[in-house]
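Below you'll find the structure, written out as structure tokens, and then a few comments.
Taken together, the values in this text are just the output of simple stated rules run on the coordinates, not laboratory data. Keep in mind that what you see is a predicted model, and the values were worked out from it rather than measured. Using ideal geometry, Cβ is built from the backbone for each residue, glycine included, and neighbour counts are taken over all protein chains shown.
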Amino acid sequence: MLLCAVVITRYFFPHAFPDWGTEVIIYLTVWALFLSIGELALNAGHVNADFVVAQLSTKKQRTLGILATLMGLTFSVLFFYQGYAVVEFAHMLGEEGDSTLRLPKWIYYLALPTGMALQCIAYLTRLWCELVNSNQLPSASHSDELLGD
């Protein structure tokens, strides 16, 4: 709704265009993106080269699945740590947005460590499932069972 209102006012009523509309849309879009990556990791929804893996034996597929999960977890932990450092730095500087709302930038930056924390939880869940249940890799239906859906 907000995006439609911003577009309409920008082109048809430029004198009534709120300068904060674009900033709020960017904040909400970034937060929506980072809040969704945990579920993508849990359901194996991230881009992967499964056409190559499908040609391998079940044992090699399982080994590669565990390796990929560990690599994803490592990536997530590193980005969580660096994202948190950026949030702390922006908070210390008191960075604010350019619009009249003057939204603190640390709220915007906080989406990264939050999303990475969710992704870490998802990768830990996948790793647990891969190690405990050796014949079945976690799937979307399996994660629904874990989440109680």
Sequence-separation-based contact order of segment 1-110, relative, with Cα cut under 8 Å and 6+ spacing, percent
23
Tell me, what is the Rg over Rh of the chain, with Rh the Kirkwood radius over Cα pairs?
1.13
At 24 angstrom or more along the helix axis (alpha-carbon based) and mean Kyte-Doolittle of 0.5 or higher, what helices does the chain contain? Whole DSSP H runs only.
21-42, 58-93, 111-132
Which values, in whole Å and largest first, are the semi-axes of the equivalent ellipsoid of segment 63-108 obtained as the square root of 5 times each eigenvalue of the Cα gyration tensor?
34, 11, 4
Here, residue 25 and residue 92, labelled 7 Å along Cα→Cβ, have an inter-label distance in nm of 3.5
